[in-house]
Each structure stands twice: as C-alpha cells, then as structure tokens.
Amino acid sequence: MDSDTESKLISLITRLISREDSMDSDFESPWVTVLHSKVPSYIIQIISLLGSMDLDPQLKPESSELMSLVTEAISIFNSMDLDSQPKSLSDLISLLSPIISPVNSIDSDQMHDEIISLIDRTLFVEPELKLLSLIYQIFSLVISMNSKWEKLISLSPQTHIRWQQGKFHMDMLDTEVTRHHRNKWNCFPLNWEKFRLTGEDATHVLCLGCFGQNHEEYNKAPVEMQHTLHRKQPLQLVLLSNFCLKKECYCCDEYLRGVLLFCSTCGFAMNLGCVGKQHVLSIYHPKWHEHPLALFPRQTSLTCNLCALAEPSSPLYMCPSCDFVVHLRCTNVPRVIRICRHPHRISFTHSLDQGDCSCSVCRTNIDKHYGCYSCVKDGCSYVAHSRCATQSNVWDDKELEGELEEAEEEVAEPFVKIREGVIQHFSHQEHHLTLDTNTCKDYDDSKLCQACISPIYFGNFYSCMQCDFILHEECANLSRKIHHPIHPHLLTLRGEYNNVINFHKNACTACSLVCKGCFLLYVR
C-alpha cells in the first residue's frame, strides 16, 4: 500500500466514523441509530479501494501498523465460510457484493435502510467476530492519528436534568450509561458532541454512547467546578435531557442545551460554552445610565431598572453611586422599535409620567418607576413592558433608533371602480363584479363568499357578471396589507385559491385549519 492510497483510506475511514460538528444533536441516540446517510457509500468506497490494492500477505518489516491490520483483516475475510457466519454478516456481504464497483451505487432508500439494519445487527453479535475485532482496531488506530481529536477533553456528566413545569428535575445517569455503553461501537466520533470553550477548534467532547465512561485515553473534565458568578458552592457538570426552549443560560441570551454547569440548590444553570467567557467587571453604558456600572458577583433578586423584573436570570451590574441595577442581557434592549401589536413606533422610557396603567401585551400592571416602552405619537397612551415588547413573536428584532420613520406605505386599493356599483377586484381580475343586495328571505346555504367561505344571508355583496364568484361587500373592502398581533411582520392579502387545496401551504398559522377561501395572508 503506497502512501497516497493509505492517506485515501485514512480519509475515507475518518469520514465513515465521524460527522460534521453539529449543535442539533438530540443527546439521546447511540451511534448505531444515528448512522448518517453516507455510511453505506463510504463502506462501499473503502471496500472498493481495498479490492484494488495489490497487498502482499508476506508483510515487509517497514510496513505500517495500519497496513498490517488491513492485510490481516483481508486475509480473514478471504478465508471466511459465509455459511458458517452469523446471518446478518452473510446477508450484508451478499447485499454489498453486487454493488462494489466504480459504476454501481445504492439505488434505493430501501437498500440503504437494509444495509444500515444489517450493520446494526452485525456489530452486536456475541461473541465478537475476529473480523470485527480487527476492523475496530483499524478504526481506533485512525482515531489516534487525528491530532485534533487527541487533544480533546472528555466530559463525564453524572446527572441528567430536565426542565419540566417551570423547574429543573434531576435523574442519575447510571441506568442510561448501563444501557448505552455495553457496546464499544457506540463510542466512535460519529456519536460525539464537540464543544468549543475557547478559540475555533473543539476543546471538549461528550460521547453520547457512554457519557465519557469508556474514554480513558482522554483527559477528563472535572465533574464539579467553581465559577466567579457562583461563588457559594461548586457547579455540577450535568446533561440536559431535552432542548430547553423555555430557560435561557444565565450568562448569555441563548437557550440551555446539552452539557451545563448547574446548581441543584438554587437552579443556577449556564451553557458549557460560557465557562471560558471573561466577564467584564465594569461597564459603561451612557445611554442607560450616567455612571459606570460594576458587576455584582452574586446571584440575587434585585429589580432591574430596565425590565422591572427581580429574577436572577442574568449577571447583574449595579451603580456604586446610586441604586441603579440592570441585568447584563437588558443592556442590549433596543431604544426604538415597531411591534405587531401597535401601528406606531414605540420607544424605551426609564419611567412613566402617567398614573396606573397596564401593559398592552400581557395586560398586567406596569410599575411607572421602571423602564418600559411607550408610543412615540402624541396623544397615544400605548405602553408595554420591555420584556413583553421584545419577545420574538411580537418584535421583528430591528432597532429603529436613528432611522427616519418611513412614510406610510401607500397600500393599493382592493378593487378598481369601473362605474357606480361595478368593480374589478384584485382577486378576480378577469371579470367585473356588480353590487347586489340580498333581500331574499329564502337563504341559499350553498351561496358562499369566496373570501371567508361563509353564506351570504343578508346585506350587500358583489357577484361576478360572468361566473359564480361572489364576495361580501365587507370582504371586498378588506385592506391589502395589515399588521396582526400573531406575527411581527407585515401581512399581505393575496387572492390565489384555484380550487386546489395544499394542506401544508394553506394551513392557517393561527388556527391550523386549511384556508379554503381565495384570500390568504402572507408575510411580505
């Protein structure tokens, strides 16, 4: 085996047993259940490469360790009696043999799934086959050749935590480890979750096959550690069993995920990636406060002057000269924004002059002595809590301070008036509609408005002069563009129903029912 061929083999094996760094793992699945879609392809390429080599069974003294293991594995394979092998292995070889050539490939999802299933069953055969033992040694040798992998620090969380009904619950990992670490094939890089604490390269790794129990070759991260933001007691290294969309990391604005540092006494939790962050001891934000602010190194429930909340959810900075207190994450709140619940811009104010008032988003009381948002228009009394106004489902994440307020966009009329009582509606441009009054006392339930799909029992309506298209007069006058409370962006009215229902495309975001009318609201 020449050096180029050996390098190509190492590259293929590396791609087979590893995966791209991802922050979307479920932290649950063992290696054999997360075999990525290209595994069969890599296996075929490796076998084809080995088949093209002219390997001499009599190894030379200078042969590499990898070449020695590969040659021995090929020798065992060539001498195997398939009839005496486990059925999963013989079936796998029979399935792969016809497609191992430069021109053939896996031509169906069914074949792909069958290969994965047979690999799964073969890896767990007991007692272990000699061929599989050699393949495992080859894979392990390739792992040891990777300079980035050998520097990784192994994480061994001792506890599972889950966020449920507004609080953390703890479970020991013993049963999980017992179930997952029985088979060494679960511990290859394909089943690793990597973390970057400093720099661009991964520094720590969590093996999802054994939770760090089988990796004595790596340095181990401590299961407890001290942190400057939590000095009372050490923090535990724990594994969050599900992606938490309700709880944010204490040190950043991201949701908690994966491996955390956690205090079971007070519920303090921070993402592992925040451990290496240097927290500034003093900050100066003149737009929020005229004095420098100092980091308060304890977790405490002081009321933030900007969000009016006394929750210990973020590092606190306070003014040594006065009683101003602010969460670190609140120093990033925008000054001027536009939200979907109100037609005007709203701006941040440190306090309100008016008396008792309630938040127009959550409908609870606003303490006028703390920060909130109020409407910029004279005479408009709209107000909202700063946290309520900056929720992702309310605000579009755009800071408008310093930007000229755009002129009101001219919205096209929903119809063109042809003559008195006759219009051309944007949703039915091929024909004209005429205005009628429903005076009939014999209601026709099959006579439906094409916009709202409701019967036209009474009142004015428009009907097509050449076909059966009809609209309530009120529906015909609907604005072409609106802001709506359920979405932070402008919505545009479009008439595009063509008697073909797409259950995915036309499902209403608000009620999940299929929109059967010709009018649909879309994000601009």
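Identify, from the list Glu126, Glu65, the residue that is of a type outside the set (Phe, Trp, Tyr), over 30 Å from Gly273 (Cβ atoms), assigned by TED's automatic domain parsing to the domain that holds Arg19 and at pLDDT below 85.
So the residue among Glu126, Glu65 that is of a type outside the set (Phe, Trp, Tyr), over 30 Å from Gly273 (Cβ atoms), assigned by TED's automatic domain parsing to the domain that holds Arg19 and at pLDDT below 85 is Glu126.
Kindly evaluate Val223 against the criterion of being under 25 Å from the mean Cα position of the chain (by Cα), among the aliphatic types (A, V, I, L, M), surrounded by 12 or more Cβ atoms within 10 Å (Cβ to Cβ) and modelled with pLDDT of 85 or more.
no
Output the residues belonging to the range 295-333 that are surrounded by fewer than 16 Cβ atoms within 10 Å (Cβ to Cβ), of a type in the set (A, V, I, L, M, F, W, C) and more than 18 Å from Ser386 (Cβ to Cβ).
Residues satisfying the conditions are Phe296, Cys322.
Only one of these conditions is not met by Thr439: (1) at pLDDT below 85; (2) more than 40 Å from the chain's Cα centre (by Cα); (3) of a type outside the set (D, E, K, R); (4) surrounded by 11 or more Cβ atoms within 10 Å (Cβ to Cβ). Which number is it?
So Thr439 meets the others, but not (4).
Only residues that are more than 30 Å from the chain's Cα centre (by Cα) and assigned to a loop (DSSP other than H, G, I, E, B): list them for the range 302-324, please.
Leu302, Thr303, Asn305, Cys319, Pro320, Ser321, Cys322, Asp323, Phe324
Testing Arg387 on (1) of a type outside the set (Val, Ile, Thr); (2) in contact (Cβ under 8 Å) with a residue 60 or more places away in the chain; (3) in a loop (DSSP other than H, G, I, E, B); (4) within 19 Å of His350 (Cβ to Cβ), one condition comes back false. Which one is that?
Single failed check for Arg387: (3).
Which condition does Gln236 not pass, out of (1) surrounded by fewer than 17 Cβ atoms within 10 Å (Cβ to Cβ); (2) of a type in the set (S, T, N, Q); (3) modelled with pLDDT of 85 or more, if it passes all the others?
(1)
Quick one: which residue in Tyr255, Tyr284, Tyr250 is of a type in the set (Phe, Trp, Tyr) and more than 19 Å from Leu197 (Cβ to Cβ)?
When all the criteria are applied, what remains is Tyr284.
Take the residues of the range 412-431 that are in contact (Cβ under 8 Å) with a residue 12 or more places away in the chain and of a type in the set (Val, Ile, Thr): which is farthest from Met465 (Cα to Cα)?
Ile418
Table: residues versus (1) in the same structural domain as Tyr255 (by TED's automatic domain parsing); (2) surrounded by fewer than 16 Cβ atoms within 10 Å (Cβ to Cβ); (3) at pLDDT below 85.
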| position | (1), (2), (3) |
| --- | --- |
| Glu409 | no, yes, yes |
| Glu420 | no, yes, no |
| Ile423 | no, no, no |
| His431 | no, yes, no |
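Consider Cys467 carefully, then state whether it is at pLDDT 85 or above and either surrounded by 17 or more Cβ atoms within 10 Å (Cβ to Cβ) or in contact with a helix residue (DSSP H, G or I) (Cβ under 7 Å, 6 or more places away or on another chain) (or both).
no
So for the range 359-382 (the condition being closer than 30 Å to Arg257 by Cα, outside the structural domain of His483 (by TED's automatic domain parsing) and not hydrophobic (A, V, I, L, M, F, W, C)), does at least one residue qualify?
no
Checking the conditions here, which among Thr331, Thr303 is of a type in the set (Ser, Thr, Tyr), within 28 Å of His169 (Cα to Cα) and at pLDDT 85 or above?
Just a single option satisfies the conditions, and that option is Thr303.
Considering only the range 307-349, state which residues are free of Cβ contacts under 8 Å to residues at least 12 places away in the same chain and either closer than 30 Å to Lys481 by Cα or of a type in the set (Phe, Trp, Tyr) (or both).
Answer for the range 307-349, where residues must be free of Cβ contacts under 8 Å to residues at least 12 places away in the same chain and either closer than 30 Å to Lys481 by Cα or of a type in the set (Phe, Trp, Tyr) (or both): there is none.
Is there a residue being at pLDDT 70 or above, of a type in the set (D, E, K, R), assigned to a loop (DSSP other than H, G, I, E, B) and in the same structural domain as Thr434 (by TED's automatic domain parsing) anywhere in the range 494-516?
No.
Which condition breaks for Ala294 when tested against (1) in a loop (DSSP other than H, G, I, E, B); (2) at pLDDT 90 or above; (3) out of contact with any Lys or Arg (no Cβ under 8 Å at 6 or more places or on another chain); (4) closer than 30 Å to Cys263 by Cβ?
Only one criterion in (1) in a loop (DSSP other than H, G, I, E, B); (2) at pLDDT 90 or above; (3) out of contact with any Lys or Arg (no Cβ under 8 Å at 6 or more places or on another chain); (4) closer than 30 Å to Cys263 by Cβ is unmet by Ala294, namely (1).
Inside the range 110-222, counting only helices (runs of 4 or more DSSP H) that do not spill past its ends, which hold 3 or more residues that are touching a helix residue (DSSP H, G or I) at 6+ places or on another chain (Cβ under 7 Å) and aliphatic (A, V, I, L, M)?
Fully inside the range 110-222 and qualifying: 130-145.
In this structure, does Glu72 turn out to be touching a Leu at 6+ places or on another chain (Cβ under 8 Å), modelled with pLDDT of 85 or more, surrounded by fewer than 13 Cβ atoms within 10 Å (Cβ to Cβ) and not hydrophobic (A, V, I, L, M, F, W, C)?
It is false that Glu72 is touching a Leu at 6+ places or on another chain (Cβ under 8 Å), modelled with pLDDT of 85 or more, surrounded by fewer than 13 Cβ atoms within 10 Å (Cβ to Cβ) and not hydrophobic (A, V, I, L, M, F, W, C).
List pairs: first in the range 446-457 and at positive phi, second among the basic types (Lys, Arg), Cβ under 6 Å, 6+ apart or cross-chain?
Hits for this filter: Ile453/Lys516.
The values are calculated or read from the model by the stated rules, or taken from the named source; none is laboratory data. What you see is a predicted model; the values in this text were computed from it and never measured. Ideal geometry is used to build each Cβ from the backbone, glycine not excepted, and the neighbour counts take in all protein chains shown.
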